[in-house]
1. Would you calculate the convex hull of the Cα atoms in region B:1-95 and tell me its volume per residue in Å³?
2. Considering Cα pairs under 8 angstrom that are at least six residues apart, work out the relative contact order of chain B and quote it in whole percent.
3. Compute the label-point distances linking A:THR244 to its equivalents in the other copies; points lie 7 Å from Cα along Cα→Cβ; give nm, one decimal, shortest first.
4. Could you give the length gained on full extension between B:GLU22 and B:VAL129, defined as 0.36 nm per residue of separation minus the Cα-Cα distance, in nm?
5. Applying 1/(1 + (r/R0)^6) with R0 = 35 Å to the Cβ-Cβ distance of A:THR4 and A:ARG301, what FRET efficiency is obtained, to the nearest 0.05?
6. Specify the angular offset, from 0 to 90 degrees and rounded to the nearest 10, of the alpha carbon long axis of helix B:133-143 from the longest principal axis of the alpha carbons in chain B.
7. Quick one: what are the phi-derived ³J(HN,Hα) couplings along region A:105-119, Karplus 6.51/-1.76/1.60 with θ = phi - 60°, whole Hz, x for glycine and proline?
8. I need the calculated FRET efficiency for the pair A:ARG58 and B:ARG241, taking r as the beta carbon distance and R₀ as 22 Å, to the nearest 0.05.
Number of protein chains: 2
Amino acid sequence: MRETPVTQRELDAVIGAASSLELFHAAALVHDDVIDNSDTRRGEPSAHRRFAERHEARRWAGDAAGFGTSAAILLGDLLLGWSDELLDDALSELGHPERARAARRLFNTMRTEVTAGQYLDVLEENAWVERDEEQLLDAARRVVIFKSAKYSIESPLLIGAALGGASETQLETLAEFGLPLGIAFQLRDDLLGVFGDAAVTGKPSGDDLREGKRTMLVALTRSRVSASVRRVFDELLGDPRLDTEQVLMLQGAMRDSGAVDEIEGIIDREVRRANAALDEASLAPEAIAALRKLTARVTDREA
Amino acid sequence: MRETPVTQRELDAVIGAASSLELFHAAALVHDDVIDNSDTRRGEPSAHRRFAERHEARRWAGDAAGFGTSAAILLGDLLLGWSDELLDDALSELGHPERARAARRLFNTMRTEVTAGQYLDVLEENAWVERDEEQLLDAARRVVIFKSAKYSIESPLLIGAALGGASETQLETLAEFGLPLGIAFQLRDDLLGVFGDAAVTGKPSGDDLREGKRTMLVALTRSRVSASVRRVFDELLGDPRLDTEQVLMLQGAMRDSGAVDEIEGIIDREVRRANAALDEASLAPEAIAALRKLTARVTDREA
């Protein structure tokens, strides 16, 4: 347990690192929207759409969609650079070179893992045709861990802790807490991507089905239905023109197969695991209380 | 002039920073090829084409071209991250925090400038229709400076010099040398992009014309030809299906207008300016000799 109060320098470094993560995330979203061909983000036009609209409005030469994509790729690159710049500034002003190195290494690992995880996700949206049921489930699990769980919860926690001079034991505890919570977070996200209320999530309902995301929910459903239902499933999933009735059918198949209940069961189990990691944690009581609040916010949500 | 020999640590840092720049450049090329829709790079299939070919060969689900683009965006992102990681490792092992900060700041500026310069380039390929002759020339000049001149020559020189503990005066000299040489480098590149021999450059002859790059060469030509020739020029430039005859016609218009001679004149002038910056430079004689060699290599080339 930490005895000394947090210094202004440490606070500044945490704010700088958090800003850096936020810009990194913005970059990832800008590139993701190009990759997923998403027209909207948080209820507004996505970056590449916005650039394309500008092109159309000004009647520029060439192809509006192509300009949108190009500009969004570069915007993402710019944000990636600035994310890095912010982190570097924060770390160099911390006044603790060894903590700065530890935080930087964690950031580097996170960046590589989430980019590779995103590639695995894209790969599976295309390569799933050559996988068997078990491989599909493994692949979906790997995407959850690398694209989401570590990136969304575990890594940011570890980076912040490293800035504060956390011990090896404390870092281990935070990893044991963060990874299962991150898994629960993503599984909740997958359920919302299929069953979520568009008015709350800001994304059209069933959007994940139209994009053809090969989530664990999809992999579990496929492993639980008959070959004939599976064929219909594979035909519809990823079709950008799915209508409401088709979305309802896919949702029904997921629920009826028991896959939704199984995912809810995994979420419960992972949340319990995350909470258990805090039970004997050598962390400050305020920190433990904040982390417990986080588990509720992350998993009991509608958007 | 530096009196002490270069230490092993300094040498390692320079190698690390150079590797970092190389990976940054690789990232930029991977994204550029997506942006420019280039099928080849250095005589081989570009990264996005390579991913698309893999998709085709394996008969995966979904769209091969879309998969290629997505995978290449992520590959570029991965390389951007690794570039940063290499630089960070190099700087943290240099053992000179203030030199490391100076080099890092120069790197950050370079990264922002070249990304913005690349955006300006893409923008002008589309927005040129709403510019007058003078604006077009200004825009082309700005692209040369930010997308190329600073990035290719000035910034790498300054970063290396900062690692070696260069004085303010030395940094100024290197900027006065590097910027004009970088401009000459890019103008030579523009000429090669239009008139270069495909067997030597590794790119199909006239490729810049098919891409519709709005270079200084194009801007100068447009300002020197009649309105009717300019109209033909604007119609053909950027048409990916240009045949050999059309390429020859555009090449002829550029030469006959005097624009090619004018560009050659600017290259000569910028090279002289770069060399003049070395005349009274307070740099080691070996460094000056190496930089003079660089001017020849950069501007008298066929690829």
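1. Convex hull of Cα atoms, per residue: 127 Å³.
2. 18
3. When each copy's label point is compared with this one, the spacings are 6.0 nm.
4. 35.0 nm
5. Once the sixth-power term is evaluated, E becomes 0.50.
6. Taking the Cα atoms of chain B, the angle to B:133-143 is about 40 degrees.
7. Coupling constants for region A:105-119: 5, 5, 4, 4, 4, 4, 4, 5, 5, 6, 5, 5, x, 5, 5 Hz.
8. 0.30
The values are calculated or read from the model by the stated rules, or taken from the named source; none is laboratory data. Note that the structure is predicted; figures quoted are calculated from it, not measured. Ideal geometry is used to build each Cβ from the backbone, glycine not excepted, and the neighbour counts take in all protein chains shown. To get the accessible areas, we keep the full protein, side chains included, count just its heavy atoms, and leave off ligands, DNA and RNA. Shrake-Rupley method; radii C 1.70, N 1.55, O 1.52, S 1.80 Å.
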